[in-house]
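The values are calculated or read from the model by the stated rules, or taken from the named source; none is laboratory data. Note that this is a predicted model, so its numbers are computed, not measured. Note that we place each Cβ from the backbone using ideal geometry, even for glycine, and neighbour counts take in every protein chain shown. Surface areas here come from the heavy atoms of the whole protein model, side chains and all, with no ligands, DNA or RNA. Shrake-Rupley method; radii C 1.70, N 1.55, O 1.52, S 1.80 Å.
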Amino acid sequence: AVHPLGGITRDLFLFALPEVNLSSFHVQTFFDSLYTDATLRAQVEVAAESNAPPGELSLRFVLTDKDGRQVLSERRRAATGYQEFDFPVKRPGQWTAETPTLYTLTCTLEQDGKALYSTCRRVGFRQIEVRGNQLFVNNRPVKLRGVNRHDFHPDRGAAVTEEDMRASILAIKSNNVNA
């Protein structure tokens, strides 16, 4: 590279968690065979960082659409360790690059009926598959056209402005680059 890449180049955030916490929270979506209804799978790991028994644990899941309307709200019993929870979702808006429909899934860890910790994930309902040498998103073929991009300005090096980044992205998008 013609510019330095070492060090911390973005914002960094540190935060404290309660002794019983969500050490991992991942979300996947799967469509039915007609790509109409979907399953939302939450993969959660609950950690107990002390020797004391954690008490009665539960997880509350709330899925909202882009307008803040509740699509689902469910509470499930939980335990320490890894667990998966599946939720049926009727006719979710499909995420595509052209229409990036996003939902918000909030997961709240509760201990003995009291909320300990909440976290959110933005969720797009999409199913990505490779069949042979073809990529499909929501059962539609996608041709990948990509470039390699770095935050770099020819005159200022790594000191790029938001305006520089926008101009770069707009130039890339105007050339039908999608990867």
Single match in Arg166, Arg140 (criterion: farther than 30 Å from Thr36 by Cα, open to solvent by 60 Å² or more (accessible area, probe 1.4 Å) and either of a type in the set (D, E, K, R) or over 24 Å from the mean Cα position of the chain (by Cα) (or both)): Arg166
Residue within the range 22-37 that is open to solvent by 90 Å² or more (accessible area, probe 1.4 Å), farther than 22 Å from Tyr117 by Cβ and not aromatic (Phe, Trp, Tyr) present: yes
Yes/no for Glu129 being surrounded by 15 or more Cβ atoms within 10 Å (Cβ to Cβ), part of a strand (DSSP E or B) and more than 16 Å from the chain's Cα centre (by Cα): no
Subset tally (residues that are among the charged types (D, E, K, R) and free of Cβ contacts under 8 Å to residues at least 24 places away in the same chain) for the range 76-102: 3
Scope the range 143-163; condition loosely packed, with under 11 Cβ neighbours inside 10 Å and in contact with a strand residue (DSSP E or B) (Cβ under 9 Å, 6 or more places away or on another chain); matching residues: Lys143, Leu144, Thr161
Those residues of the range 40-98 which are basic (Lys, Arg), in contact with a strand residue (DSSP E or B) (Cβ under 6 Å, 6 or more places away or on another chain) and exposed (fewer than 12 other Cβ atoms within 10 Å of the Cβ), in sequence order: Arg77
Residues of the range 53-79 satisfying the condition of being over 14 Å from Asp112 (Cα atoms) and of a type outside the set (Asp, Glu): Phe61, Val62, Leu63, Thr64, Lys66, Gly68, Arg69, Gln70, Val71, Leu72, Ser73
Residue satisfying all of: in the range 102-120; over 15 Å from Gln28 (Cα atoms) and hydroxyl-bearing (Ser, Thr, Tyr); surrounded by the most Cβ atoms within 10 Å (Cβ to Cβ) among these: Thr108
